[in-house]
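What follows is one structure encoded as structure tokens, with my remarks underneath.
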Amino acid sequence: MRKFRNLVIGGIENKVINLVLISILLVAGVFIASMLTQNNVLTSLSQETSERQLASVTGTTQGVIQTVIIQNMDRQTEMQAVITDELFHNRAVGVQMVGDYAQKLLTNMELVPPAPWQRPDAASDGQLFVKALFADGLEEAAVADKLGVIANMTDLMLSVCGAYGTDNIWFTLPEGVTLMADTVPGNWIEEDGSFVPYDACSRYWYRQAVEAGKLVFSDVEYDFRTGRMCVTCSLPVYDADGALLGVAGADIFLDDMQQAIQKATESGGFLGVVNQSGHLIIAPMGNGVFQVMNSAEAADLRASEYEEVAALVRDGMKGKTDVRLVHAQDDTFYAICVPMKTVGWMLLAGYSQSEAELPVRQLEKDYQAIQLDAVTAYRSKSSAGKTQVWIIMIVLLMALLAGAILLGKRIVKPLNTITKRISELSETNLEFKMEDTFRTGDEVEELAQSFANISHKTVEYLDTVKRVTAEKERVSLELRLSHDIQVNMLPNIFPAFPERKEFDIYASMLPAKEVGGDFYDFYLADESHLVMVIADVSGKGIPAAMFMMASKIIINNISTLGVTDPAKILEAANRQITSNNPGEMFVTVWLGILDLNTGKLTASNAGHEYPFIMRKGGRFEMFKDRHGFVLGGMEESRYRTYELQLDAGDAIFVYTDGVAEATNDRDELFGTERLTEALNRAPNASCKELLGNVKSAVDAFVQEAPQFDDTTMLAVRYNGKA
């Protein structure tokens, strides 16, 4: 032991100091090592947890988005197909009305006084104007008689254009003269003031209609008068001997149709119309495989170089497809095809997969940015904390042991708690919450707050998904309630009149959707008269169901007010329905009144299916009664009552078109022949068994194929006066 002034070197005091210093250094070293280990464990655990949460959230989000896209595309495309098909249906109805009226005029020329007609007048440009157009070399005198007769259609043409939103419609005689309503009469006048000759008989639409012998829609062509691309609806008209009386027609301009579906493309999707030749006639894209061209240049998408597009279009020609992924033009799309019933074309809808996945990529990017900010903040605070520790160790060397223990508890405890809470997270417990233990005022609190924020956002997102699902369930519940209300409005308790032995009656209705537009009704107007009604409303879903209920109530009210003539009942009902019909819907109706004392059946038909009649001991056969116009079409429509004498054992069967037009997966119709076979499987069976036989036959035919029309049937058997 040596002394140097007052400093003892090598003595007990020095050893104690050395022991304390060594202990302090060892404790400091252990503390620093422990702190570094805890920091590495926390960083690794934080990274692993973040990666698991990111994978879970993005996977769930991508699955939800894909499901929503498929469901929305399926529902919205089918709805848009109905809307677009309505445009073709309206043109077909207008052309049919003009053709029917022209047939009546030309087959009764001796009874029709000639009406005045006009040549084109440029002063009427911009408004509907009806004028006569002549083929080159045709003299007016040669067709003056016929032209004067069809000129009686002037008001009808103007009314049809106004009712169905078209700016042209016409009727052409085989001699080469055309009576046309349009808004550009000045286009038919040359610069020298002479009239433009127009040989409609040489136009593609005229030849196509005559060759087909029925109402047809042309391919895409250029309009003679405006040069705009259009599709023409044309109908040949014949007399009773089959001689051609002329052709009625109207144009559907593609820019008008484009407006009808433009809304569907505002969100970045794709919606186009493909005709029966596989030609794309409407599309928002302007080049490549989705380019709209006239029929001479248009490509058949069924033979497209993009095989998945070609397969989708081919499948769409057979019926509605599922939503599938197709590759075209350096992109991948969710795509679906839905047929349009009236014209035989289909709606092609697509949505870019890259657009659909944008929310997932954005969520992943935001999550990674938040995590990077949290890690950066943690590392920054950790570095500052280490510096403070070293300064404290140097300045407070003698108090390092106590300070190290205190600081160790302060840091390690909240870190261990954070680690424990993170390990407890699961699919049922995703939220990490702040606790008082984490509120240390340093980087530990920053890290805990970052985890809490991320977890809270995740829970909020999942709550949003749950609310969307709940809303979907609410809509489904409302549709089921609407179905129950509709079913309860129809007579559904059988036997309906157990105390009445004069007749046996049974009916059924199966909607194609949750709610439908078909209905049936039967009731005793008095003690000896049974009223029977079966009807089919245009359209489907809730609008058709509401129109159905209104029509049923109107017919029931009229028939119970003492009106006993079926035709008069239909005329009164038609006036009420037409007077307040902003949706321009219509309903076909067969109405019969059976005298239970005599067996006399009086009936009237407003555009409905033909009934089937079976005489006692015989077989069911179709009875082709005379049809009137549908209810809701024209206010002044007239209907005819006819009579049938039913003897004891005779039966009658009526139905809606959903029975005969039931379709299997090969796009084949059930048809009236199969319906006749089903009825005659046991023609003398009870009415309930008759309907059961028909339903079994239809179910066996369609199997799992989806149906798009309601199936409604009613049968009654007359047993004779009790």
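The values are calculated or read from the model by the stated rules, or taken from the named source; none is laboratory data. What you see is a predicted model; the values in this text were computed from it and never measured. Backbone-built Cβ (ideal geometry, glycine too); neighbour counts: all protein chains shown. Surface areas here come from the heavy atoms of the whole protein model, side chains and all, with no ligands, DNA or RNA. Shrake-Rupley method; radii C 1.70, N 1.55, O 1.52, S 1.80 Å.
Would you confirm whether any residue within segment 583-604 is open to solvent by 10 Å² or more (accessible area, probe 1.4 Å) and modelled with pLDDT under 90? Full working, then the answer.
In the first step, residues of segment 583-604 are kept if they are open to solvent by 10 Å² or more (accessible area, probe 1.4 Å); the result is 583-586, 588, 593, 595, 597-598, 600, 602.
Filter again for modelled with pLDDT under 90, leaving 583-584.
Among the residues of segment 583-604, at least one is open to solvent by 10 Å² or more (accessible area, probe 1.4 Å) and modelled with pLDDT under 90, which makes the answer yes.
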Every listed condition ((1) within 27 Å of the chain's Cα centre (by Cα); (2) over 25 Å from I252 (Cβ atoms)) holds for T107 save (1)
Only helices (runs of 4 or more DSSP H) wholly contained in segment 652-722 count here; list those with 3 or more residues that are within 21 Å of P511 (Cβ to Cβ).
-> 657-660, 687-702
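To keep it simple, each residue is scored yes or no on (1) out of contact with any Asp or Glu (no Cβ under 6 Å at 6 or more places or on another chain); (2) open to solvent by less than 80 Å² (accessible area, probe 1.4 Å); (3) closer than 30 Å to A573 by Cα.
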| position | (1), (2), (3) |
| --- | --- |
| G632 | yes, yes, yes |
| E643 | yes, no, yes |
| L646 | yes, yes, yes |
| G658 | no, yes, yes |
| D665 | yes, no, no |
| L669 | no, no, no |
Looking at segment 305-312, is at least one residue touching a helix residue (DSSP H, G or I) at 6+ places or on another chain (Cβ under 9 Å), under 30 Å from K214 (Cα atoms) and open to solvent by less than 20 Å² (accessible area, probe 1.4 Å)?
-> yes
Taking G162, is it within 30 Å of A283 (Cα to Cα), assigned to a helix (DSSP H, G or I) and of a type outside the set (A, V, I, L, M, F, W, C)?
-> yes
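Look through A535, A572 and report the one residue that is closer than 30 Å to T676 by Cα and either of a type in the set (A, V, I, L, M) or touching a Lys or Arg at 6+ places or on another chain (Cβ under 7 Å) (or both).
Values: A572 fails: closer than 30 Å to T676 by Cα.
The conditions single out A535.
Assess whether A567 counts as being crowded, with 21+ Cβ neighbours inside 10 Å, of a type outside the set (S, T, N, Q) and touching a strand residue (DSSP E or B) at 6+ places or on another chain (Cβ under 8 Å). Step through it out loud before you land on a result.
Working: crowded, with 21+ Cβ neighbours inside 10 Å: no; of a type outside the set (S, T, N, Q): yes; touching a strand residue (DSSP E or B) at 6+ places or on another chain (Cβ under 8 Å): yes.
No, not satisfied.
Quick check, is I505 under 16 Å from V654 (Cβ atoms), outside any loop (DSSP other than H, G, I, E, B), in contact with a Cys (Cβ under 9 Å, 6 or more places away or on another chain) and modelled with pLDDT of 95 or more?
Values: under 16 Å from V654 (Cβ atoms): yes; outside any loop (DSSP other than H, G, I, E, B): yes; in contact with a Cys (Cβ under 9 Å, 6 or more places away or on another chain): yes; modelled with pLDDT of 95 or more: yes.
Yes; evaluated as a whole, the condition is true for this residue.
Residue under question is G246, and the condition is that it be over 30 Å from the mean Cα position of the chain (by Cα) and part of a loop (DSSP other than H, G, I, E, B); does it hold?
Working: over 30 Å from the mean Cα position of the chain (by Cα): yes; part of a loop (DSSP other than H, G, I, E, B): no.
Here the answer is no, as G246 does not meet what is asked.
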Within segment 194-225, residues open to solvent by 50 Å² or more (accessible area, probe 1.4 Å), of a type outside the set (A, V, I, L, M, F, W, C) and at pLDDT below 80 come out as Y222
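Return the residues of segment 570-582 that are among the polar types (S, T, N, Q), free of Cβ contacts under 8 Å to residues at least 60 places away in the same chain and either open to solvent by less than 90 Å² (accessible area, probe 1.4 Å) or part of a helix (DSSP H, G or I) (or both); say none if nothing qualifies.
First, pick out the residues of segment 570-582 that are among the polar types (S, T, N, Q): 574, 576, 578-581.
Then drop every residue that is not free of Cβ contacts under 8 Å to residues at least 60 places away in the same chain, which leaves 576, 578-581.
Passing the criteria: Q576, T578, S579, N581.
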Can you confirm whether segment 125-137 contains a residue that is part of a loop (DSSP other than H, G, I, E, B) and under 30 Å from the mean Cα position of the chain (by Cα)?
-> no
Out of D518, D536, which single residue is in contact with a strand residue (DSSP E or B) (Cβ under 6 Å, 6 or more places away or on another chain), modelled with pLDDT of 85 or more, open to solvent by less than 10 Å² (accessible area, probe 1.4 Å) and acidic (D, E)?
-> D518
Some residue of segment 324-335 being at positive phi, modelled with pLDDT under 80 and either open to solvent by less than 50 Å² (accessible area, probe 1.4 Å) or of a type in the set (S, T, Y) (or both) | no
